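*Asks:* I have a structure I would like to understand better, so I am pasting it below and will then ask my questions one at a time.
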Amino acid sequence: MTNAPRLVRLIEPLIRADFRDAITGDLVERFETDLEQRGAVVAQLRLWRESFMALRHFGRLTLPHRENPVRSFIADVRYGLRVLRRTPSFAVVCIVTLALAIGPTAAILSVVDPLLFRPLPYGRPDHLAFIWDRGGNGSPINTGYSTIEDVRTRSTTLSSVAAVARWQPTLSTPDNPERLYGARVNWNYFRTLAVPMMLGRDFTSDEDTQTGNTVLILGHRLWERRFNADSSIIGRRISLDGAPRTVVGVLPRDYDDVVTPNAEIFAPLGYVTSLAWACRMCRHLTAVARVRDDVPLERSRAELNQISAQLVAAFPKDYPSVGFYLAPLQQDAMKEARPALLAILGAVVLVLLIAVANVVNLHLAQSIRRETEFAVRTALGASGWRLVRQLVAEGLSVALAGAALGLGLARALVPALVSRLPATLPRRAAIHLEGGVVMTLALVSVAIALVIGMVPAIVARRRALYSGEMRSAARHGTGHARARAALVVGEIALALLLLCGAGLLSMSLVRLFDLDRGFDGHNVITMNFQSSGPAYPDNVAVLAARRRVLAAAAAVPGVVDVAAVTLLPLGGGLDRYGVMALDRPLDHPERAPAATGYRVVGDFLKTMRIRVLAGRDLTEADSRDTVANPVVISASLAQRLWPGENPLNKRMRIPNSRRAASTVVGVAADIRQRSLNDDDARAFYYPEEHWIFPLNSAVLVARVNGNPAAALHAVRAAVASVDPSQPIIGVRTMDDVVSRSTAQRQLALLLFVAFAGLAVLLSAAGVYGVLAGSVSERTKEIGVRTALGATTRDTYALVLRRGLAMAGVGLLLGLAGAVATTRYLQSLLFGVAPTDPVVLFGAAAVLLGVSLLACLVPARRAARIDPMVALRE
Amino acid sequence: MDTFGELEQLVLLAVMQAADDAYGVVVQTAIRRKARRDLTLGTIYKTLSRLETKGFVTSELGEPTAERGGRAKRYYRVTAAGRRALQQQLSALRAMAAGLDIGLEAP
């Protein structure tokens with residue numbers, strides 16, 4: 001017997017030299033004896049055991065007693081990937097679910113954070129505030145310069161106050177004229193905001209005068225776009241509206257003006273209180289103030305109200321009501337967008353919750369499937385900690401994949417969202433995707449899934465193992481089944497909330513578009529043109545140019561009517577004046593009803609198809625009639641000025657008119673002016689010729705035969721041909737203008753519909769998952785039932801009952817939740833109550849239908865179970 | 001003075017029983033037969049080398065033998081110190097067990 005078994009020869013070199021002969025010799029001897037006495041199998045098994053122990057005690061390579069943590073973690077990850085590959089549907093569904101929820105959540109958070117939460121890029125932004133006058137109903141309105149001066153000199157709690165006026169100058173270059181968004185500001189404006197210049201210097205006090213006002217500060221984007229980021233720009237003269245100004249400073253890259261959104265060029269205001277347009281009633285300015293660092297906002301507010309009381313006492317005819325409106329800068333700048341943004345954020349958080357519930361659910365199901373594996377590994381000596389680490393490795397793989405996919409999705413979504421935000425929204429430039437958000441969301445979601453979904457399974461298994469009661473997986477799963485059903489009920493409830501929100505928003509939009517606008521915008525195209533600079537020195541030249549533009553546009557084939565107007569309905573602008581009936585003088589002229597002024601050249605009412613209810617439309621002759629000075633007013637204004645009387649031929653006073661009184665020659669139908677749901681339709685239509693200072697810019701409206709979009713280009717070219725050096729902006733169809741006026745609602749609706757769809761899909765997947773799991777667990781039971789005479793119908797009923805019970809409870813909870821929460825959408829709704837029963841029950845019916853569909857697949861599988869096969873398994 | 005555990009006791013007794021022929025397989029067989037304990041050779045040699053460092057046994061390599069593929073055996077012998085230690089430990093056990101009915105037959 002000289003032939004030692006192969007195993008012994010194999011391990012021989014690995015045994016310590018001083019015991020090598022003794023031990024391997026004994027192993028051979030032992031093996032031979034066992035072979036003789038107990039047979040080959042026992043001998044072989046014993047040899048394995050002996051060899052292992054010999055190596056353990058005398059091996060030259062010590063077997064690892066303590067594991068290398070990095071290496072074992074890599075092993076965990078590889079094992080995890082293997083597990084995931086073995087159940088690819090689990091992994092794929094988890095990853096896709098996470099990505100679909102995390103991508104949009106991260107995108108929305110990235111948009112909402114800079115707009116609502118991140119501090120503005122100014123020094124101590126929490127101490128900056130707007131100061132508004134109060135209108136007749138207490139609402140905030142703009143202030144006049146004299147008021148701002150008084151606040152500045154009297155206040156002790158404000159460290160500085162600056163006045164701001166909108167400004168849209170034209171950058172005059174021969175080849176590429178551009179209308180810019182800018183602001184005229186007090187010299188201390190950037191000091192108030194505590195923003196230092198990146199290049200050059202800030203304005204000085206002697207530049208903020210009528211004579212010294214020849215300087216400019218450029219925004220960073222404008223500097224890059226039009227001046228190639230040239231540092232030698234400081235001191236250079238550039239031409240604005242045909243007049244030269246010297247650039248003294250360039251703002252830093254992260255500067256973002258929230259007072260005048262999108263402003264990128266600034267000049268001093270140059271007002272003194274003696275100017276006619278610096279009066280208290282000349283409310284065209286925005287006041288920005290910095291509250292002293294050591295003063296709380298409340299104290300400043302109290303002081304301002306005292307100052308207001310003094311001013312109202314001194315100038316009672318100049319103020320509609322007492323008190324200033326002090327509003328924190330960020331909050332006030334975002335107040336229009338805030339409700340929609342918060343609603344969207346809420347919606348996406350609901351989607352995330354549903355997705356997490358689904359992933360938890362998938363993990364619960366998976367943990368039942370893997371109980372055997374856990375049990376075996378525990379029996380082999382794996383510690384609970386080791387199993388948890390294993391799961392963490394698997395979870396990390398899923399989270400990373402989900403985050404990667406979600407990041408891609410978010411990256412596509414953020415620009416799409418930004419492009420749909422209202423153009424007037426400040427801080428759009430600060431929006432960019434936060435990659436960290438994506439990863440954090442993915443990790444947190446998976447951590448939740450693991451803690452809830454897997455860890456209890458391990459604990460339960462270990463306990464079961466040690467107490468010696470290994471139950472069958474199916475029996476063990478009943479507790480799980482209840483947890484999974486509860487999760488699905490929650491998902492359905494949340495999905496219903498989203499569905500109700502989507503329903504309410506779409507109903508609102510339908511109602512809004514159904515409203516009578518008072519005009520017909522189909523087949524109308526609009527664009528903004530201007531006539532400014534040295535070529536247009538006076539009103540005559542400006543108005544002559546306007547008529548030339550109208551003639552050029554009218555000559556384009558297909559154009560039937562044209563007009564120029566100073567303000568476009570639903571175009572986002574506002575131009576209101578207090579008007580008075582001459583036969584009813586007011587004790588308080590400051591309370592004169594405000595009406596929107598449309599100053600027109602050409603057939604505006606006809607072009608817009610605004611009905612003339614009484615009297616006549618303005619004619620070309622009216623612009624030369626300096627005696628009657630004709631005006632057309634809206635039905636609402638007629639009713640307000642002369643309730644119950646015939647307004648025709650009545651005389652009224654319009655501020656800024658060249659004449660003391662104007663004669664009403666016609667009454668026009670009310671139109672929607674600021675927004676589709678704006679009830680205030682007081683308006684007057686007035687020949688631009690009778691105004692003191694015609695605007696340099698106007699909106700062209702042209703009605704065309706056929707497709708308006710096709711005519712856009714030709715009309716634009718015709719307008720440009722009049723003076724190619726003048727910029728043309730806002731070239732679009734009137735339908736587009738109307739649609740844009742609802743941009744915020746449309747964005748909210750779009751996102752709610754998308755999120756609701758996702759939520760319904762996820763909760764349907766949840767219903768399906770739970771039922772499919774329960775059918776496969778109960779295969780035997782269903783087999784027995786079928787064998788005992790249950791019909792297909794009975795089996796269907798068995799499964800459907802369970803699924804519909806979940807759906808029913810979920811829908812009830814969801815309806816209760818909807819009633820409690822839809823009021824947060826109130827400000828986005830129109831013409832529909834937040835608890836509109838048609839919408840709420842309609843949404844519930846849709847979700848019930850989808851749940852039913854999700855039940856049918858497992859039900860059919862259950863009905864097809866062959867009792868013989870089921871029982872034999 | 002060094003004491004030893006149960007495993008060392010068993011191995012030491014088995015070496016004494018085998019007299020001059022005490023090597024791994026013999027010790028293993030003795031323990032399996034008489035003590036009904038199935039120890040692996042690795043465990044036995046580990047115990048023996050521990051006893052050797054305590055000075056209770058000595059060992060020497062024998063001649064290579066043909067039936068083991070030319071591999072030498074390592075023989076063990078109990079030293080006087082080993083005997084003394086065993087004596088003390090067993091008499092302590094006997095003293096403690098005296099007069100108790102623990103189901104052992106009289107020797």
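*Asks:* Using only Cα atoms and rounding to the nearest 10 degrees, what angle (0 to 90) does helix B:6-17 make with the longest principal axis of chain B?
*Replies:* Its long axis makes an angle of about 70 degrees.
*Asks:* Report, in debye and to the nearest 20, how large the dipole of the protein assembly as shown comes out about its Cα centre when Lys and Arg carry +1 and Asp and Glu carry -1 on their Cβ. The partial results should precede the final answer.
*Replies:* Numbers: 113 positive and 84 negative charges, 502 e Å.
Computed about the Cα centre, the dipole is about 2420 debye.
*Asks:* Over the Cα atoms of the stretch A:709-803, compute the convex hull volume and normalise it per residue, giving Å³. All intermediate terms of the calculation are to be shown ahead of the outcome.
*Replies:* On the way: hull volume 15.8 nm³, N = 95.
Considering the Cα atoms of the stretch A:709-803, their hull volume per residue is 166 Å³.
*Asks:* Here's something else I'd like to know. Tell me the accessible surface of A:His220 in square angstrom (1.4 angstrom probe, heavy atoms of protein chains only), to the nearest ten.
*Replies:* Counting only protein heavy atoms, the figure is 20 Å².
*Asks:* Another one. Please work out the FRET efficiency for the pair A:Leu10 and A:Val41, using the Cβ-Cβ distance as r and a Förster radius of 22 Å; give the result to the nearest 0.05. Display every interim value, and only then the final one.
*Replies:* On the way: r = 20 Å, r/R0 = 0.90.
Between A:Leu10 and A:Val41 the formula returns 0.65.
*Asks:* Something else: Please compute P(r) over all alpha-carbon pairs of the stretch A:193-247, binned at 10 Å starting from zero, and give each bin as a whole-number percent.
*Replies:* 21, 54, 24, 0
*Asks:* OK, next. Report, to one decimal in Å, the Kirkwood hydrodynamic radius for the stretch A:719-873 based on all distinct Cα pairs.
*Replies:* Details: mean 1/r = 0.0509 Å⁻¹.
Its Kirkwood hydrodynamic radius stands at 19.7 Å.
*Asks:* In the stretch A:9-52, which residues become less accessible by 40 Å² or more once every protein chain is in place, relative to the chain on its own, using a 1.4 Å probe?
*Replies:* So the qualifying set is A:Phe19, A:Asp21, A:Ala22, A:Asp26, A:Glu29, A:Arg30, A:Arg46, A:Arg49, A:Glu50.
*Asks:* Taking amide hydrogens as modeled 1.01 Å from N in the peptide plane, which residues meet the under 5 Å criterion relative to A:Phe830, leaving out close sequence neighbours?
*Replies:* A:Ser508
*Asks:* Mind pulling up the Rg/Rh value for the stretch A:257-314? Radius of gyration and Kirkwood radius, both on Cα.
*Replies:* Details: Rg = 14.9 Å, Rh = 14.5 Å.
Over the Cα atoms of the stretch A:257-314, Rg/Rh equals 1.03.
*Asks:* Can you work out the PRE-style zone for A:Ser274? Point 7 Å along Cα to Cβ, and I want the residues of the stretch A:191-219 with backbone N under 16 Å.
*Replies:* Counting backbone N atoms under 16 Å from the label point, the list is A:209-212.
*Asks:* How many angstrom lie between the Cα centre of the stretch A:663-686 and the Cα centre of the stretch A:236-286?
*Replies:* Comparing the Cα centres of the stretch A:663-686 and the stretch A:236-286, I get a distance of 32 Å.
*Asks:* If you split all Cα-Cα distances of the stretch A:500-560 into 5 Å bins from zero, what percentages do you get per bin, shortest first?
*Replies:* The percentages, shortest bin first, are 4, 13, 14, 12, 11, 10, 10, 8, 8, 6, 3, 1.
*Asks:* Please give the residues from the stretch B:36-50 for which the solvent-accessible area of heavy atoms, probe 1.4 Å, is smaller by at least 20 Å² with all protein chains in place than with the chain isolated.
*Replies:* So the qualifying set is B:Asp38, B:Thr40, B:Leu41, B:Gly42, B:Thr43, B:Tyr45, B:Lys46, B:Ser49.
*Asks:* Considering amide H positions built from the backbone, and no H for Pro or chain starts, which residues 5 or more places from A:Asn262, or on another chain, come under 5 Å of its amide H?
*Replies:* Those lying under 5 Å, H to H, from A:Asn262 are A:Asp257, A:Arg427.
*Asks:* Once ligands and nucleic acids are excluded and a 1.4 Å probe is used, how much of A:Ile74 is accessible, expressed in Å² to the nearest 10?
*Replies:* A:Ile74 has an accessible surface of roughly 90 Å² with all protein chains in place.
*Asks:* Here's another thing I want to ask about it. With the full set of protein chains in place, find how many percent of the accessible area of the stretch A:52-188 is carbon and sulfur; take the probe as 1.4 Å.
*Replies:* Details: 3730 of 6420 Å².
Carbon and sulfur together cover 58 percent of it.
*Asks:* If you find the alpha carbon centre of the stretch A:359-379 and of the stretch A:794-873, how far apart are they in angstrom?
*Replies:* One Cα centre to the other: 28 Å.
*Asks:* If you check each cysteine of chain A for another cysteine whose beta-carbon is under 4.7 Å away, which ones come up empty?
*Replies:* Cysteines lacking a close Cβ partner in chain A: A:Cys94, A:Cys500, A:Cys855.
*Asks:* Looking only at Cα atoms, what is the convex hull volume of the stretch A:167-224 per residue, in Å³?
*Replies:* On the way: hull volume 6.1 nm³, N = 58.
It is 105 Å³ per residue.
*Asks:* Right, something else. So what's the projected area for the stretch B:1-63, the Cα convex hull averaged over all directions, in nm²?
*Replies:* On the way: hull surface 17.0 nm².
Mean orientational projected area (the stretch B:1-63, Cα hull): 4.3 nm².
*Asks:* Further question on the same structure: If each residue of separation counts as 0.36 nm, what is the full-extension length gain between A:Arg237 and A:Arg221 once their alpha-carbon separation is subtracted? Don't jump to the answer; show the numbers that get you there.
*Replies:* Details: separation 16, 0.36 × 16 = 5.76 nm, distance 1.85 nm.
Fully extending the segment from A:Arg237 to A:Arg221 adds 3.9 nm.
*Asks:* Which order do you get for A:Val272, A:Val722, A:Val83 if you rank them by accessible area with a 1.4 Å probe, largest at the top?
*Replies:* Final ranking, largest accessible area leading: A:Val272, A:Val722, A:Val83.
*Asks:* If you don't mind, there's one more thing I want to ask. At a probe radius of 1.4 Å, figure out the A/B buried accessible area, summed over both chains, and give it in Å² to the nearest 100. If you can, show how the numbers build up before the last one.
*Replies:* Working: alone 39490 and 7310 Å², together 44710 Å².
Approximately 2100 Å², summed over both chains.
*Asks:* Express in Å², to the nearest 10, the accessible area of A:Asp583 obtained by rolling a 1.4 Å probe over the protein heavy atoms while all chains stay in place.
*Replies:* Answer for A:Asp583: close to 80 Å² accessible.
*Asks:* Which translational diffusion coefficient, to the nearest whole µm²/s, is obtained for the stretch A:607-714 from the Stokes-Einstein equation, given a Kirkwood hydrodynamic radius over C-alpha pairs, 4 °C and 1.567 mPa s? Could you put the intermediate results ahead of the total?
*Replies:* Numbers: Rh = 15.4 Å.
In µm²/s, the coefficient is 84.
*Asks:* Give me the three principal axis extents of the stretch A:283-332 from the C-alpha atoms, as integers in angstrom, largest value leading.
*Replies:* Rounded to whole Å, the extents work out to 34, 23, 13 Å.
*Asks:* If you don't mind, there's one more thing I want to ask. Direction-averaged shadow area of the convex hull around the Cα atoms of chain B, nm²? Don't jump to the answer; show the numbers that get you there.
*Replies:* Values: hull surface 31.1 nm².
For the Cα atoms of chain B, the hull's average projected area reads 7.8 nm².
*Asks:* Give the lysines whose C-alpha is closer than 24 Å to that of A:Lys606, dropping any in the same chain fewer than 8 places away, or say none.
*Replies:* Partners found: A:Lys650.
*Asks:* Just the number, please: carbon plus sulfur as a percent of the accessible area of the stretch A:302-459, 1.4 Å probe, no ligands or DNA/RNA counted. Write out the running numbers ahead of the final one.
*Replies:* Working: 4370 of 6270 Å².
Carbon and sulfur: 70 percent of the exposed surface of the stretch A:302-459.
*Asks:* Short version: ³J(HN,Hα) in whole Hz for each residue of the stretch B:87-101, in order, from phi by Karplus 6.51 cos²θ - 1.76 cosθ + 1.60 (θ = phi - 60°), x for Gly and Pro, what are they?
*Replies:* So the Karplus estimates, Gly and Pro as x, are 4, 4, 5, 5, 5, 4, 4, 5, 4, 5, 7, 4, x, 9, 8 Hz.
*Asks:* Something else: In a shell of Cβ-Cβ distance under 14 Å around A:Ile102, excluding A:Ile102 itself, what net charge do Lys and Arg (+1) and Asp and Glu (-1) give?
*Replies:* My count for the surroundings of A:Ile102 gives 0.
*Asks:* Over chain A, average the accessible area per residue using a 1.4 Å probe and give it in Å², no decimals.
*Replies:* So chain A comes to 44 Å² accessible per residue, rounded to a whole number.
*Asks:* Okay, moving on. Once fully extended, how much extra length lies between A:Arg659 and A:Thr156, figured as 0.36 nm per residue of separation less the alpha-carbon to alpha-carbon distance? The partial results should precede the final answer.
*Replies:* Working: separation 503, 0.36 × 503 = 181.08 nm, distance 4.36 nm.
That pair, A:Arg659 and A:Thr156, stretches by 176.7 nm at full extension.
*Asks:* Which sequence of A:Ile782, A:Ile141 reflects their accessible areas, 1.4 Å probe, from the largest down? Please report the intermediate quantities before stating the final value.
*Replies:* Working: A:Ile782 5, A:Ile141 50 Å².
Order by accessible area, largest first: A:Ile141, A:Ile782.
*Asks:* Here is a follow-up. Check which residues have an amide H placed less than 5 Å from B:Ala72's amide H, if you skip close sequence neighbours.
*Replies:* So B:Ala72 has HN proximity to B:Thr65.
*Asks:* Dividing the Cα radius of gyration by the Kirkwood radius, what Rg/Rh value follows for chain A?
*Replies:* Numbers: Rg = 38.4 Å, Rh = 33.5 Å.
In chain A, Rg relative to Rh is 1.15.
*Asks:* What Kirkwood radius, in Å to one decimal, follows from the Cα pairs of the stretch A:705-765?
*Replies:* Working: mean 1/r = 0.0665 Å⁻¹.
Value: 15.0 Å, from the Cα pair sum.
*Asks:* What are the ³J(HN,Hα) couplings of the stretch A:524-537, residue after residue, when phi is run through the Karplus curve with 6.51, -1.76, 1.60 and θ = phi - 60°? Round to Hz, x for glycine and proline.
*Replies:* Once rounded to whole Hz, the list reads 10, 10, 9, 7, 9, 10, 8, 9, 9, x, x, 6, 10, x.
*Asks:* Let me ask another. Using protein chains only (no ligands, no nucleic acids) and a 1.4 Å probe, work out which residues of the stretch B:61-76 have their accessible area cut by at least 40 Å² relative to the chain alone.
*Replies:* Residues of the stretch B:61-76 that lose at least 40 Å² of accessible area once the other chains are added: B:Glu67, B:Arg68, B:Arg71, B:Arg74.
*Asks:* Another question, if that's okay. Between B:Arg32 and A:Arg386, what FRET efficiency follows from the Cβ-Cβ distance if R0 is 41 Å, with the result rounded to 0.05?
*Replies:* On the way: r = 35 Å, r/R0 = 0.85.
Efficiency, rounded to the nearest 0.05: 0.70.
*Asks:* From the phi angles alone, apply the Karplus equation (6.51, -1.76, 1.60; θ = phi - 60°) to the stretch A:85-100 and give each ³J(HN,Hα) in whole Hz, x where the residue is Gly or Pro.
*Replies:* 5, 6, 10, x, 5, 4, 4, 5, 5, 4, 5, 5, 4, 4, 4, 5
The values are calculated or read from the model by the stated rules, or taken from the named source; none is laboratory data. Everything numeric here is computed off the predicted structure, so don't read it as measured data. All Cβ positions, even for glycine, are placed from backbone atoms using ideal geometry, and neighbour counts span all protein chains on display. Protein only, heavy atoms only, side chains kept; ligands, DNA and RNA dropped before computing areas. Shrake-Rupley method; radii C 1.70, N 1.55, O 1.52, S 1.80 Å.
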